[in-house]
1. Counting only residues that are more than 25 Å from residue 94 (Cα to Cα), part of a helix (DSSP H, G or I) and without any contact (Cβ under 8 Å) to a residue 24 or more places away in the chain, how many does segment 13-69 have?
2. Out of everything in segment 104-122 that is closer than 16 Å to residue 168 by Cα and in contact (Cβ under 8 Å) with a residue 40 or more places away in the chain, what residue ends up being surrounded by the fewest Cβ atoms within 10 Å (Cβ to Cβ)?
3. Being in contact with a strand residue (DSSP E or B) (Cβ under 7 Å, 6 or more places away or on another chain) and closer than 20 Å to residue 87 by Cβ is the filter here; which residues of segment 11-48 pass it?
Ligand code: FES
């Protein structure tokens with residue numbers, strides 16, 4: 001049982017190459033790992049991930065030396081935080097300044113015309129959800145999106161639709 005739990009934790013470790021994780025780490029460092037900065041750090045995380053994945057909360061708790069229960073209860077207390085992504089697959093479109101300038105809106109328009117989805121919505125079969133982020137830490141690759149956990153940079157509207165179709169086709 002214990003061994004299994006350990007394995008489970010390992011499986012959900014954050015990817016060190018994920019620009020969102022780097023962005024979050026930089027924010028935590030900037031705040032000197034101060035527990036007082038928890039809310040602000042949670043905002044940064046949600047703006048990068050579109051919601052607050054469990055492994056991100058565990059990571060934040062660890063970095064601020066707070067009990068995970070404290071971080072989870074803070075998140076559930078404030079209605080502006082969300083613990084869930086919508087849909088079996090998610091397409092997170094970065095609409096931060098750099099990505100916006102490079103055409104993030106055109107990506108959202110294409111998604112809307114192809115799948116009839118606006119940010120925050122999910123298809124009726126729950127296969128695909130669309131969310132927006134405010135910066136995923138990959139500004140040099142603008143416009144950037146994250147499909148499931150895969151960051152894609154300099155994406156065109158057609159590439160994006162192809163990747164999404166590829167994801168939703170695999171079960
Ligand atoms: S603004 Fe999109 S990655 Fe920074």
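The values are calculated or read from the model by the stated rules, or taken from the named source; none is laboratory data. In this text, all values refer to a predicted model and were calculated from it rather than measured experimentally. Backbone-built Cβ (ideal geometry, glycine too); neighbour counts: all protein chains shown.
1. 5
2. 114
3. If the condition is that a residue be in contact with a strand residue (DSSP E or B) (Cβ under 7 Å, 6 or more places away or on another chain) and closer than 20 Å to residue 87 by Cβ, then 18, 47, 48 are the ones that fit.
One line per residue, one yes/no per condition, for (1) crowded, with 19+ Cβ neighbours inside 10 Å; (2) modelled with pLDDT under 95:
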| site | (1), (2) |
| --- | --- |
| 36 | no, no |
| 66 | no, no |
| 70 | no, no |
| 75 | yes, no |
| 80 | no, yes |
| 92 | yes, no |
| 124 | no, yes |
